[in-house]
1. Under a crude label model (7 Å from the Cα following the beta-carbon direction), how far is Leu62 from Ala15 in nanometres?
2. What order do Tyr129, Tyr22, Tyr64 take when sorted by accessible area (1.4 Å probe), most exposed first?
3. On a full-extension model of 0.36 nm per residue, what is the gain between Leu131 and Leu111, subtracting their alpha-carbon distance, rounded to one decimal in nm?
4. Give the residues of the stretch 104-148 whose amide nitrogen is closer than 18 Å to a point set 7 Å from the Cα of Asn71 in the direction of its Cβ.
Amino acid sequence: MTETPVLSPGRPSFAEIFAAHYPAMVRLAGLLGADDPEDIAQEAFARLHPRLARLRDDAAALPYLRAIVCNLTRNRIRHLRLVRLRRLEPPPAQGGGEEAYLTAERHRDLLAAVDRLPRRQREALVLRYWLDLSEREIADAMGVSPGSVKSHTSRAIAALGRALRESNDD
């Protein structure tokens, strides 16, 4: 039977960290393209568990989890090459029928365009705009320099702009 790591007084327990961050890690894995985001998140927490007591401070657990989720997702996509089991659906639209339809179409177009981005660009965009992370946090999660984060994000935004203009022209 595995014991829960002994933490210094005042540090959150593994169960508290899991309860606070599991849904966000599932969303992150899904947005990064994982076909099994729940499994990715669970694996990330399983890898965190034995290392939790050795983390330098309380704030290190979340960036460590993000990096694990990014790496696991990247590895799953690379090795499995499976078609996504789930597609992200746009949020339900508010308002009248025509407005709701147009909003849903715009969301579908945006998510489809994000899905077609190269992996690194998609990761940078999701971490920046969906999780609102700083360039340093994104660089740490992706294992790249902050300059690379800027480059990937800039290219992703340009590619999305082109893709959305093309879908509006159709």
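The values are calculated or read from the model by the stated rules, or taken from the named source; none is laboratory data. Computed from a prediction, not measured in an experiment: that's the story for all the values here. Cβ coordinates were reconstructed from backbone atoms using ideal geometry, including for glycine residues, and neighbour counts include every protein chain displayed. Surface areas here come from the heavy atoms of the whole protein model, side chains and all, with no ligands, DNA or RNA. Shrake-Rupley method; radii C 1.70, N 1.55, O 1.52, S 1.80 Å.
1. So the label points at Leu62 and Ala15 sit 2.2 nm apart.
2. Tyr129, Tyr64, Tyr22
3. Difference between extended and current length: 5.6 nm.
4. Of the residues in the stretch 104-148, 120, 123-124, 137-146 have backbone N under 18 Å from the label point off Asn71.
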